[in-house]
Amino acid sequence: MNEFNYNSVRAREARFGRLFRPAPVKLILILIIIGSGLGCAYLLFLKHNSLGWLCLALMIAVLMFYIWLVNEAIPVPLGKSENINDLLSVNVLRVMSKRPTPQNLVGGLMKTRSGAFLALRFGLTPANLRFFAEGTNVDMEMIFTTARSIWKATEGETISGGMLAVAIVQSHPEHELLLRQMRLELADLYQGINWYNHLHGLIKSSKQRRRDGGIARDFSFGYIPTLQRYGRNLSEQLGATKAQVCLATHHEIVDKMISTFSSGGRQNVTLVGADGSGRSTVVTAFAEKILDADTKVSNKLKYRQVFMLDAAMLISAANRPDQLNNLMIRIFNEAYAAKNIILFLDQAQLFFEDGVGSVDISNILTPVLEAGNLRIILAMNEQKFLELSARNSALANALNKVVVPPANYEETMKVLQDQAPHLEIKHQVICTYLALKEAYRLSEKYIHNLVMPGRALNLLELACNYAEGKFITINSVQQAIEKTQGIKVQSGGSDDERVKLLRLEELIHQRMIDQNEAVTTVADALRRSAAGVRNQNRPIGTFLFLGPTGVGKTELAKAISEVYFNGEDHIIRLDLNEFVTMNDVSRLIADGVENAQSLTAQVMKQPFAVVLLDEIEKAHPQVLTTLLQMLDEGILRDLNNREISFRDTIVIATSNAGANTIREYVSRRGENLDVMKEQLINTMIHEGQFQPEFLNRFDEICIFKPLSKGDLVKIVDLMIKSINKTLAPQKISVTLTDEAKLLLVERGYDPQMGARPMRRIVQKLVENLIAKLVLSGAAMSGSDIVITKEMLEQG
């Protein structure tokens, strides 16, 4: 049953038919020969020449050969049994040798359309497939057995070259490991077969012209000049092929629309769904279905045409509200009189609102909808529908609401696979399967103004601008997200990135002093994230920094932003001493339109950042409860119930709670804080400063010790380094003697305030002195100013 017969009828026909490819050119040539021969025969008959009969016989033989060629040799129909010779596709039969082996079959399989498809979109190149073939120890009979099982699992018409290629891959004893190195799984290759079969089916269906009634279908209907001017005929723009709706839910919605418009009830449908869910796609599919003569729909609907009204064009056409009302009345009257029109109001909320860019025709539309004589489709999102219901209950009650839900992963991947060829033609690129998966993954995390499948499709199209050698790869999709969303998704990818990650502690300490425990803890979290070993459903790291004022808690957050996120602007800072009442929760999660400074709005705008929550102990308990989901699951819902991702942020909360205890412990027992950390945490819980379930959400609780005078000397060095950076354009540098540094430390040291007074002292003594020297001409370009203790004392 699995033994290949090189001399089977189908195999011989396939090889013979290959001689006549490309088929159209050679078949036309045969037809020309037949026509010429028949013409010669006719002329010979006119001259009563008996050779005419010979010529006619020859042409009949050629015609029979042509018929056989067109119906048998070139298409090679499937056999009637499940023998492998009857199941192999014609393209495979054409490349099979007399004694095929997995090794000598590779080159031929890559010449088949399905084999080339897998090579381009899955990276299963001839070299890769040859590696799999050389590593297998099974014969062709086992390959055919595996291919047969793939054929049944993927419901293909024939056993294609792609199926045999996957069978060769599957036969390798270590195929799972090898595929993982290609970032693939065997299930992905099966999906590739399904993808190819689907596209092949679309190509076949495109050759079958749809019967749609032709020009005559419109002659018996009314005259619609106003509607043609201000509306867009979606039915007229449809192609000659049948509708292709990828989502099962969309099929159900189209059927529900047909049922509603075929009944005697209210003749309207309101599609309610988030942007990107496919509302317009549903309407297009509905328009195609009722235009198709082969579709079984009521005569009340067959050949009806869908016109979409453009709110912007209508508004621009009318100078006054009464003019707009008259215009809409004319459109409704024309559509009703024509009898074959279904109106479509996309973004329907624009027709029921006052303000710039919108109109309010509810007083006209409500009686039309209640009467049910005019078929109308409306589309809007859930929030706008709720607002409309609250504002105009009569209008809302007249609407037949149909929910268009977002697509899941499987449905979205089908849409991406269906739309990929259109993007490829438009942008002259090739979309790889891994790029489709990455478009789904990253759009789900970072694109919030759309839902699936729209958000993934939007990102995939953006990725077409970042093709690598005409291929849309994972890297293309990542670049599209990084460039358009201002985030970083390729951490640790380059050699420079890896070196930086390994040197994080050193780089951070270039701008802050000591606090080694906290620095190391945070650096470890960043390395785990870059290496992909962290929990992807939580933030990169969540830390609670405890310690006195001015010891570097905020400075460490800034250092992380600069070193890891490439700039201090990648920091979102909230002072929680401003969120002390229960009502402040709404400010924390407000919509960005109403409050651009809310936590959710800022993270939605910049999801790759340090989130710094200062003085968290002063926040209202309900604010802390709201933050629990962010710490635990990496998401926070805003007031519109949208999920905002915090999974690419580092969350740092700072608190001065327990500062006195820390200072006292260090002064009495030294710098080893690990011993007292648990005691300090228990004390804070006992005193009601934090709830245990809140503290348990943090990855680490880091204790910052008070700064010593020795630490302050190093901080002075950092401040002078910053001053020199500012003076660099003037070619002026500043150095301090050791005595001058100690003077600054003595005057700037405050056990209660840490390093904060030091900045004011440096500004007062050092920066003011430099300013006087520059303005007096004592310091000019190229000067190296050495500041002594005496100079500081003199001011």
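The values are calculated or read from the model by the stated rules, or taken from the named source; none is laboratory data. Fair warning: this is a prediction, and the values are worked out from it, not measured in the lab. We place every Cβ from the backbone using ideal geometry, glycine too, and count neighbours over all the protein chains shown. Note: areas computed on protein heavy atoms with side chains; ligands, DNA, RNA excluded. Shrake-Rupley method; radii C 1.70, N 1.55, O 1.52, S 1.80 Å.
Observations, loosely collected:
- Tabulated pairs, the stretch 449-467, first closer than 8 Å to ALA480 by Cα, second open to solvent by 20 Å² or more (accessible area, probe 1.4 Å), C-beta under 7 angstrom, 6+ apart or interchain: LEU462/THR484; TYR466/GLN479
- Taken over the stretch 670-710, the criterion of being assigned to a helix (DSSP H, G or I), open to solvent by less than 20 Å² (accessible area, probe 1.4 Å) and at pLDDT 80 or above is satisfied by LEU680, MET684, PHE694, LEU695.
- Candidates LYS384, LYS414 - the one that is open to solvent by 30 Å² or more (accessible area, probe 1.4 Å) and either touching a Pro at 6+ places or on another chain (Cβ under 8 Å) or over 22 Å from PHE122 (Cβ atoms) (or both): LYS384
- Only listed residue being crowded, with 22+ Cβ neighbours inside 10 Å and not in a loop (DSSP other than H, G, I, E, B), chosen from VAL585, VAL551, VAL611: VAL611
- Qualifying residue in the stretch 556-563 (condition: buried (at least 16 other Cβ atoms within 10 Å of the Cβ), of a type in the set (Ser, Thr, Tyr) and in a helix (DSSP H, G or I)): yes
- Those residues of the stretch 522-532 which are open to solvent by 30 Å² or more (accessible area, probe 1.4 Å) and under 12 Å from CYS702 (Cβ atoms), in sequence order: ASP524
- Condition check for ASN333: open to solvent by 70 Å² or more (accessible area, probe 1.4 Å), closer than 24 Å to ALA396 by Cβ and out of contact with any Phe, Trp or Tyr (no Cβ under 8 Å at 6 or more places or on another chain): no
- One residue alone among VAL766, VAL734 is more than 19 Å from ASP514 (Cβ to Cβ), modelled with pLDDT of 85 or more and open to solvent by less than 20 Å² (accessible area, probe 1.4 Å), and that residue is VAL734.
- Residue count for the stretch 441-452 satisfying the condition of being assigned to a helix (DSSP H, G or I), open to solvent by less than 40 Å² (accessible area, probe 1.4 Å) and over 18 Å from PHE471 (Cβ atoms): 3.
- Some residue of the stretch 544-556 being touching an Asp or Glu at 6+ places or on another chain (Cβ under 6 Å) and within 25 Å of ALA755 (Cα to Cα): no
- THR726 open to solvent by 20 Å² or more (accessible area, probe 1.4 Å), within 44 Å of the chain's Cα centre (by Cα) and without any contact (Cβ under 8 Å) to a residue 40 or more places away in the chain: yes
- Every residue from the stretch 108-141 that is of a type in the set (A, V, I, L, M, F, W, C) and in contact (Cβ under 8 Å) with a residue 60 or more places away in the chain: PHE117, LEU118, LEU120, PHE122, LEU124, MET140
- Hey, ALA153 at pLDDT below 95, more than 22 Å from PHE471 (Cα to Cα) and not in a loop (DSSP other than H, G, I, E, B) or not: yes
- Subset of the stretch 147-178 (residues that are open to solvent by 10 Å² or more (accessible area, probe 1.4 Å), under 13 Å from LEU87 (Cβ atoms) and free of Cβ contacts under 8 Å to residues at least 40 places away in the same chain): SER149, LYS152
- In the set (1) under 29 Å from the mean Cα position of the chain (by Cα); (2) over 28 Å from PRO621 (Cβ atoms), LYS558 fails one condition alone, (1).
- Among the candidates LEU58, LEU78, LEU105, residue that is in contact (Cβ under 8 Å) with a residue 12 or more places away in the chain, in contact with a helix residue (DSSP H, G or I) (Cβ under 8 Å, 6 or more places away or on another chain), assigned to a helix (DSSP H, G or I) and open to solvent by 20 Å² or more (accessible area, probe 1.4 Å): LEU58
- From PHE45, PHE65, residue being within 26 Å of ARG15 (Cβ to Cβ) and either part of a helix (DSSP H, G or I) or hydrophobic (A, V, I, L, M, F, W, C) (or both): PHE65
- Any pair with Cβ under 8 angstrom, 6 or more apart, that starts in the stretch 227-247 at a residue that is closer than 30 Å to ILE329 by Cα and ends at one that is of a type in the set (D, E, K, R) and at pLDDT below 80: TYR230/ASP310; GLY231/ASP310; ARG232/ASP310
This table checks each residue for (1) open to solvent by 40 Å² or more (accessible area, probe 1.4 Å); (2) in contact (Cβ under 8 Å) with a residue 12 or more places away in the chain; (3) closer than 20 Å to ARG647 by Cα; (4) within 25 Å of the chain's Cα centre (by Cα).
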{"residue": "VAL580", "(1), (2), (3), (4)": "yes, yes, no, no"}
{"residue": "THR600", "(1), (2), (3), (4)": "no, yes, yes, yes"}
{"residue": "LYS605", "(1), (2), (3), (4)": "yes, yes, yes, yes"}
{"residue": "ILE616", "(1), (2), (3), (4)": "no, yes, no, no"}
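- Hits in the stretch 774-790 (condition: in contact with a Ser or Thr (Cβ under 9 Å, 6 or more places away or on another chain) and surrounded by 18 or more Cβ atoms within 10 Å (Cβ to Cβ)): ILE785, ILE787
- Filtered residues of the stretch 289-347 (kept if small (Gly, Ala, Ser) and closer than 15 Å to MET257 by Cβ): SER298
- Of all the numbered requirements in (1) in a helix (DSSP H, G or I); (2) open to solvent by 30 Å² or more (accessible area, probe 1.4 Å); (3) more than 23 Å from GLU424 (Cβ to Cβ); (4) among the polar types (S, T, N, Q), ASN128 misses one, and that requirement is (3).
- Within the span defined as the stretch 739-748, one or more residues are without any contact (Cβ under 8 Å) to a residue 40 or more places away in the chain, open to solvent by less than 20 Å² (accessible area, probe 1.4 Å) and closer than 27 Å to GLY552 by Cα.
- Candidates ILE732, ILE703, ILE720 - the one that is hydrophobic (A, V, I, L, M, F, W, C) and farther than 29 Å from ALA659 by Cα: ILE732
- Residues satisfying the stated conditions in the stretch 628-659, i.e. without any contact (Cβ under 8 Å) to a residue 24 or more places away in the chain and assigned to a helix (DSSP H, G or I): GLN629
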